[in-house]
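Undergrad: Dumping the structure here so I can ask a few things about it.
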Amino acid sequence: MEIPYRFDPCTEAEYLAIKFQESRTFVIMVGFATSLLAVALWVWDWVIDPAHAMDALGLRIIMGAILLLYPVGILAGIKRHLLPWFFYAVVLTTQAVFLYHLSFLTTGLIYGIAGFMYWFILPVFLAFPYSTTSSILGFVAIAVNPNILVWAGMSTSFELAKYNIIIWPTCIIVIFAAFMLDILFRSIFVQMNERKKLIIEIQDSIATVKILRGLLPICCSCKKVRDDKGYWSQIENYITEHSEAEFSHGLCPDCLEKLYPEYGRKQKPEK
């Protein structure tokens, strides 16, 4: 079964809508967890620089509050086509705060380089409901953002060469992961549609099948059939009403000879 990267426009819209609805609760839960994680990682600040960790705590709380906007925005009912823009605005803003926050810690701009990998791991799940194209553009923007911030004058001692060596392979890996997750969900979507069609076909078949069961009272003389209400009717009428069979009338050779002897002798095969 071939799974297309993109369906026709109508099917693609239906796919994205179902993808969002099916993953909405999961994304909201991960969004809240991400917000808490951003604050809880203050422990890392305290480990590398206990003397200045309290100075950075406020920025940790700010990061958590900004990230909290994303799940709250989903719950608030932000339109689905606007959510990718809103999500990456939240992520890029938090990333900028994180870079600024590292400058408050001794050796923070050195050991904090690996911390930027978090901005790729979690967005794979947080941006899952949206199109792969938006995810690719978003991940590239996340990778480029610190470069722009440092060139603009923020945390100028941040070592961009080391950062780029670590981040760009990570970016490529998560883009591939996002693409494969999308293909997996498309496969599930196709199978769901095929199952729905199969169920509809079976239901239609069941609705059109009529089966005669039980004892059928029939007159041994005129061959009329008695129905459940006690009425007698021609057997062909009864069968037509209680099944999908239809009758095409004709004469057998014996009846033809009996009713029309001159034709019956010609039609009846010789023994």
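All of the numbers you see were taken from the coordinates with simple rules; none came from a lab. Computed from a prediction, not measured in an experiment: that's the story for all the values here. Quick reminder, even Gly has a Cβ in these numbers, built from the backbone with ideal geometry, and neighbours come from all protein chains shown.
Undergrad: What trypsin sites (Lys or Arg not before Pro) in region 159-211 are in a loop by DSSP, with at most 12 other Cβ atoms within 10 Å of the Cβ?
TA: Answer by residue number: K210.
Undergrad: Let me ask you something else. Using the Cα centre of the chain as origin and beta-carbon charges of +1 (Lys, Arg) and -1 (Asp, Glu), tell me which of T106, Q21, L149 is placed farthest towards the positive end of the dipole.
TA: Toward the positive end, the furthest listed residue is Q21.
Undergrad: Compute the relative contact order of the chain as a whole-number percentage, counting only Cα pairs closer than 8 Å that sit 6 or more residues apart in sequence.
TA: 15 percent
Undergrad: What nm value, rounded to one decimal, do you get for the distance between T11 and T133 when each label is placed 7 Å out toward the C-beta?
TA: Each label point is offset 7 Å from its Cα along the Cβ direction, giving 1.8 nm.
Undergrad: Another question, if that's okay. Starting with the highest mean, order 48-59, 217-228, 85-96, 141-152 by the number of other Cβ atoms within 10 Å, averaged over the residues of each peptide.
TA: Going from most to least packed, we get 85-96, 141-152, 48-59, 217-228.
Undergrad: Which of the aspartates and glutamates could a cross-linker bridge to K196, judged by Cα under 13 Å and excluding same-chain residues fewer than eight apart?
TA: Counting by Cα, and skipping residues close in sequence, K196 has these aspartates and glutamates nearby: D204.
Undergrad: Also, I was wondering about something else. Whole-Hz ³J(HN,Hα) for each residue in region 23-31, computed from phi via Karplus 6.51 cos²θ - 1.76 cosθ + 1.60 with θ = phi - 60°, x for glycine and proline: what do you get?
TA: 9, 4, 4, 4, 5, 4, 5, 5, x
Undergrad: Under a plain spin-label model, where a point goes 7 Å from the Cα along Cα-to-Cβ, how far apart in nm are Y111 and A177?
TA: 2.4 nm
Undergrad: Still on this structure, I have one more. Under 12 Å between alpha carbons, and skipping anything fewer than 8 positions from K224 in its own chain: which aspartates and glutamates qualify?
TA: Partners within reach: E236.
Undergrad: Can you compute the modelled spin-label distance between T156 and L36, with each label point 7 Å from Cα toward Cβ, in nm?
TA: In this crude spin-label approximation the distance works out to 4.1 nm.
Undergrad: How big is the dipole moment of the chain about its Cα centre under a simple scheme where the beta carbon of each Lys and Arg is +1, that of each Asp and Glu is -1, and everything else is neutral? Debye, nearest 20, please.
TA: The calculated dipole for the chain is roughly 660 debye.
Undergrad: Considering the values [x] 0.99; [y] 0.95; [z] 1.48, which represents Rg/Rh (Cα atoms, Kirkwood Rh) as calculated for the structure under consideration?
TA: Working out Rg/Rh (Cα atoms, Kirkwood Rh) from the coordinates points to [z].
Undergrad: Nearest 0.05, what FRET efficiency do K197 and W85 give at R0 = 30 Å with Cβ-Cβ as r?
TA: Efficiency for this residue pair is about 0.25.
Undergrad: Further, regarding this structure: List the longest stretch of the chain that has no exposed loop site; here a site is one of the GluC sites (Glu not before Pro) assigned by DSSP to anything other than H, G, I, E or B, with at most 10 other Cβ within 10 Å.
TA: That would be 3-243.
Undergrad: Between F26, F120, F128, which gets the highest mean-square fluctuation from a Gaussian network model of the chain, Cα cutoff 10 Å?
TA: Taking springs between Cα atoms under 10 Å, the residue moving most is F26.
Undergrad: Put +1 on the Cβ of every Lys and Arg and -1 on every Asp and Glu Cβ in the chain; which of W168, I200, L59 then has its Cα farthest towards the positive end of the dipole?
TA: Positive-end residue among those listed: I200.
Undergrad: Give me, ordered by chain and number, the residues 5 or more places off K224 or on other chains with an amide H under 5 Å from its own placed amide H.
TA: C219
Undergrad: Let me ask something additional. In nm, what is the difference between 0.36 nm times the number of residues separating S248 and I166 and their Cα-Cα distance?
TA: Contour length minus Cα-Cα distance gives 21.4 nm.
Undergrad: For I74, I136, what ranking results if the residue with the fewest other Cβ atoms within 10 Å of its Cβ goes first?
TA: I136, I74
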